[in-house]
1. Given the conditions (1) at negative phi; (2) touching a Gly at 6+ places or on another chain (Cβ under 8 Å), report the number of the one that T619 does not fulfil.
2. Looking at segment 524-536 only, could you name the residues that are within 44 Å of the chain's Cα centre (by Cα), surrounded by fewer than 19 Cβ atoms within 10 Å (Cβ to Cβ) and touching a residue at least 12 places away in the same chain (Cβ under 8 Å)?
3. Can you name the residue in segment 335-349 that is free of Cβ contacts under 8 Å to residues at least 60 places away in the same chain and part of a helix (DSSP H, G or I) and is also farthest from V557 (Cα to Cα) among such residues?
4. Within segment 295-310, can one find any residue that is closer than 17 Å to R219 by Cβ, assigned to a loop (DSSP other than H, G, I, E, B) and among the hydrophobic types (A, V, I, L, M, F, W, C)?
5. Taking only pairs six or more apart or across chains, which ones have beta-carbon atoms under 6 Å, a first residue in segment 29-45 that is within 13 Å of Q70 (Cα to Cα), and a second residue that is open to solvent by 50 Å² or more (accessible area, probe 1.4 Å)?
6. Go through segment 446-460 and give me each residue that's on the phi < 0 side of the Ramachandran plot and either among the hydroxyl-bearing types (S, T, Y) or part of a loop (DSSP other than H, G, I, E, B) (or both).
7. Of everything in segment 185-235, what is out of contact with any helix residue (DSSP H, G or I) (no Cβ under 9 Å at 6 or more places or on another chain) and under 19 Å from I295 (Cβ atoms)? Give them in sequence order.
8. Scan (1) among the small types (G, A, S); (2) farther than 28 Å from H538 by Cα; (3) part of a strand (DSSP E or B) for the single condition G475 breaks and write down its number.
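The values are calculated or read from the model by the stated rules, or taken from the named source; none is laboratory data. Quick caveat: nothing in here was measured; it's all calculated off a predicted structure. Every residue, glycine among them, receives a Cβ derived from its backbone with ideal geometry; neighbour counts consider all protein chains shown. Only protein heavy atoms, including side chains, enter the accessible area calculation; ligands, DNA and RNA are left aside. Shrake-Rupley method; radii C 1.70, N 1.55, O 1.52, S 1.80 Å.
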Amino acid sequence: MNIVSPCQLLVVDDEEEVLKSIGRLFRKKYTIHTATSAAQGFTILEQNAVQVVLCDQRMPKVNGTEFLAQVRIRYPHIVRLILTGYSDIHAVISAVNDANIFRYMTKPWKPEELEKAIDEAHQFHLKIHKEERFLDILKDMGDEMEVRISEKTETLLTANQELQRLYGEKESLIRQLQEREKRYRGLFEAITDAVFVHEARPDLTQARFLECNEIACRRLGYSREELLSMSPHEIDAPDTIVDTAAISKRLFRGQSATFEQMHITKTGERIPVEIHTRVFDMDGTPRVMSIARDITERKIAERKLTQAKEAAEAANRAKDRFLANMSHELRTPLNGIMGYSQLLKEDETISETHSESIETIYQCGNHLLAMIEDILDFAKIEAEMLDIEKKAFDLHAFIDNLGKNFGIQARKKGIGFEIQIDPAITGPVLGDEKRLRQILFNLIDNAIHYTEKGKVVLGAEKAGDRLLFRVEDTGIGIPKDQQETIFTPFFQIKDGRIPAAGTGLGLSICRRLLHLMGSNLRVKSDPEMGSCFEFSLHWTVLPKKKEGKSKKAGKIVGYAGPTRKVLVVDDIPFNRHLMRMMLSSLKFEIEEAENGLAALEQMEKSFPDLVILDLLMPTMDGYEFARTCRERFGNERPVILAVTADATPNAKKECLRSGCNYCITKPVQLPELLAKIEEDLGMEWIYAEK
């Protein structure tokens, strides 16, 4: 219940008796200030919050019309009444025009009429003040609300119209206020979101709605009267109510709050909404305005996006599992093919013809392995999971090895293969040996495949602070319109003379790998004249190592020192046999186990120096075996060298986390295996005499 403060009334009259009479009549009802002159009246107005002025028309020096005209200018919010004992129509017209008076009273006045006029003037003042405050609030809250009001002054057409204007101006102002309210309501209802105004309480669950728009009623299914009898928490889903205490703190710090909520309609339907809320002041009382936007469509889109993302991730995981399984299933037989080929290549009793056949088998295995690596690397590049590593390696030895491998392939086709390496490259280089091998393998393999006569050249030179590599051939060349298309995945040049080979991923992978290394693969080619692929890498050429004790080279036939025990753990018998064949000839003592559990039992009988461990096995896999060794033997555990057909990055990381010292991917390359054994066991090899 609002308590209205009593009216402060200023009575100005040069007759003391009139002032005393009005004071006696109304002093209990009004706060009365009296003045006998205009000057005294202005002094009182400066010191008091007067709402209504009642002034006599005829006074010395400054008459009532002149005084009220000045009051209108200085204090436009004060309601003005004039009191006179003269019926001078011209004075009345002057008072209306100049002072814009609210009511004209004649002497002698009746107390009840005077009291009624003063009450109406006071109520009119309160209403004007309240409506102006409300409209000011609307101006602050609405982005598009136009709340300016201009005072309109109409010229009196005739003297008999002037008396009617005394009431007409009041009615005109009321109509303007009603129009303003109508415009506000129109804008309020035109908002396409639900709008609520409710009490601002520290505990927002105890607040009640004070206002809402039609959208809110239609969306929730309640009438306006029903909603205004409810509180905000009554339309919130109980299982999704937000932290109202935190929101309340934000609001009462002068901040806005935005959050998602679930509204419940009258019929029980759930509607997801996004609510933006803030506190505003209405007549000195804080209120909360909330705008609730229906986000049903957005939630549906988000749900579909989540489902699509989950489906894509599931498909990607299925693809990864397929590629990993395919790699594992292909690498396992390749391990036998390439492993036994390496052993047979070292057999000096085999004839030269058979030796070349064995080399062909080994090269075919290498080619198949390269295709598998291409497919896996393409998947890694697509998933942005491919890492580039930089390690020091001997570029001369690296290129010589490529020359040996591809020289045989070129000779069998009847073409030449040349290596041109810059003498300025004297020391090792710092870069990713594996990726460089992959790039050059693809480029040289393509060059030999598409060259029927002439030669293929592999070149490496130092160009400033970069290393420039090129692969040239005298083959069929590439048409101009295909010199960019060849880098598209799965694209292969179609030429009736030479059948297509491989997956069509090689050049695409080469370019993407070079992009990862900050370079690009360029091609220059003319049909029937050959092609040249080149790229440069910002790799450092390290200083040449000082000449020390020279490392022997040749065929390893054994090692110095006591006999070392090697435990080979693999569920596939031919893998165990292959490893036995590779190491037993070097005088290692070989023991075997078909799974991790059998290996632990074997270690109880004879503790090995080295465990060569497959990772995927029944009963107990390699990961669990490595973890068990770490827990059971601690720092006394043997060196564990994992050998796996799983070429995924996660397999290698999990292998090292489990406790393995190193991980080699099948098919096993004997030089790599022996290098790791030398590093981990500190071996000193014995080489065959030349």
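1. Exception for T619: condition (1).
2. Correct list: C532, E534.
3. Checked segment 335-349; the qualifying residue farthest from V557 (Cα to Cα) is S341.
4. Scanning segment 295-310, I find at least one residue that is closer than 17 Å to R219 by Cβ, assigned to a loop (DSSP other than H, G, I, E, B) and among the hydrophobic types (A, V, I, L, M, F, W, C), so the answer is yes.
5. Hits for this filter: A38/V62.
6. Those that are on the phi < 0 side of the Ramachandran plot and either among the hydroxyl-bearing types (S, T, Y) or part of a loop (DSSP other than H, G, I, E, B) (or both): Y450, T451, E452, K453.
7. Scanning segment 185-235 gives R218, R219, G221.
8. Here G475 clears every test but (3).
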